[in-house]
Amino acid sequence: QLKVVESGGGLVQPGGSLRLSCTAPGFSLGRMATGWFRQAPGKEREAVMCITTDGRVTDYVDSAKGRFTISRDDAKNTVYLLLDNLKPEDKAIYYCATDYYCSEREVDFGSWGQGTQVTVSS
């Protein structure tokens, strides 16, 4: 089964920023739709954003609009999630997932990473 790898998480203070990266050592992300999900403590996993092969973006979390940005760099085989103005409620494990099409449902994605921890604390 194909796998992706997330990186870039860490500990930041409220208002800080992080840039998460999703890479695919074994295949080309340029041929795949890529979504970011997150799971906060005690909460169910939720879709955050998704980007298609041609750059179309869907936002799924209202509170993240204007603060989070998804992008792709096919030359680097990488999809990014830029997290700006982070808030304590953004604390979660962030996952990258790929498949042929964007979806809000995690079951529609066939390849997942292990997640990267984002912690926002003063």
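The values are calculated or read from the model by the stated rules, or taken from the named source; none is laboratory data. Keep in mind that this is a model prediction, so the values were computed, not measured. Cβ sites come from the backbone with ideal geometry, for glycine too, and all protein chains shown count toward neighbours. These area figures cover heavy atoms from the full protein model, side chains too; ligands, DNA and RNA do not enter into them. Shrake-Rupley method; radii C 1.70, N 1.55, O 1.52, S 1.80 Å.
Show me, for region 4-9, the HN-Hα J-couplings you get by feeding each phi into the Karplus relation (A = 6.51, B = -1.76, C = 1.60, θ = phi - 60°), rounded to Hz, glycine and proline as x.
Going residue by residue, I get 10, 10, 9, 7, x, x Hz, with x marking Gly and Pro.
Can you tell me the accessible area per residue over region 24-108, all protein chains present, probe 1.4 angstrom, in square angstrom? Display every interim value, and only then the final one.
On the way: 4460 Å² over 85 residues.
It amounts to 53 Å² per residue over region 24-108.
Quick check on my link table: of K3/K91; K3/K43; K3/K65; K43/K91, which ones sit more than 20 Å apart, alpha carbon to alpha carbon? Before the final figure, lay out each step's value.
Details: K3/K91 24 Å; K3/K43 24 Å; K3/K65 28 Å; K43/K91 11 Å.
Checking Cα-Cα distances, K3/K91; K3/K43; K3/K65 exceed 20 Å.
How many nm is it between the label spots at R19 and Y101, if each spot is 7 Å from the Cα in line with the beta carbon?
About 3.2 nm separates the two model spin labels.
Grab the beta carbon distance between N85 and R45, set R0 = 22 Å, and tell me the FRET efficiency rounded to 0.05. Write out the running numbers ahead of the final one.
Details: r = 23 Å, r/R0 = 1.03.
About 0.45, to the nearest 0.05.
Quick one: pull the percent of accessible area on the chain belonging to carbon and sulfur, 1.4 Å probe, ligands and nucleic acids left out. List each step's numbers first, then the result.
Values: 2950 of 6400 Å².
Roughly 46 percent of what the probe reaches on the chain is carbon or sulfur.
Mind listing the long-range amide H neighbours of R72? Cut-off is under 5 Å, sequence gap 5 or more, other chains count too, H placed in the peptide plane at 1.01 Å from N.
So R72 has HN proximity to Y80.
Rounded to whole Hz and in sequence order, give me ³J(HN,Hα) for region 64-80 from the Karplus expression 6.51 cos²θ - 1.76 cosθ + 1.60, θ = phi - 60°, writing x for Gly and Pro.
Once θ is set to phi - 60°, the couplings for region 64-80 become 8, 4, x, 10, 10, 9, 9, 8, 9, 10, 5, 4, 9, 6, 9, 10, 10 Hz.
Near the amide H of K91, under 5 Å away, which other amide H atoms are found, from residues 5 or more places off or on another chain, if H is placed in the peptide plane?
V120
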